[in-house]
Amino acid sequence: MISDEDVKHLGWLSRVELEKEDSEKFARELDRILDYFTILDAVESDLSPLHHVLELSNVFRDDVVADSLTAEEALSNAKLQENGYFRAPRIL
């Protein structure tokens, strides 16, 4: 079991002030997390890495050349525009 000192130290590292009840709760939760890591350690190490759960190939569509929007079409819904460009509010 993780000690109260370890929980206090982790709280200090994360800049979190823990009450006594919180400290006990976090100690139990951290124990459960550490127990889970022991389960993960039991997994065979000679397994190949899994990059994706499903056997998928490239799911992107092929590039197709198409006409672009004209400047007028692109700016037609712009709230602010100036000299053929999008205009954004000044941010200081």
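Values quoted throughout were computed directly from the atomic coordinates according to the rules given, and no laboratory measurement underlies them. These numbers were taken from a predicted model, which means no experiment stands behind them. Neighbour counts run over all protein chains shown; Cβ positions are idealised from the backbone, glycine included.
Do you know which residues across segment 4-38 are loosely packed, with under 10 Cβ neighbours inside 10 Å and in contact with a helix residue (DSSP H, G or I) (Cβ under 8 Å, 6 or more places away or on another chain)? Matches in segment 4-38: Glu17 only. Of all residues in segment 9-45, exactly one satisfies the criterion of being among the basic types (Lys, Arg) and either touching a Leu at 6+ places or on another chain (Cβ under 7 Å) or not in a helix (DSSP H, G or I) (or both), namely Arg15. Pairing residues of segment 69-92 that are surrounded by 10 or more Cβ atoms within 10 Å (Cβ to Cβ) with residues that are of a type outside the set (S, T, N, Q) and in a helix (DSSP H, G or I), at Cβ distances under 6 Å and at least 6 apart in sequence or on separate chains, gives Gln81/Leu75.
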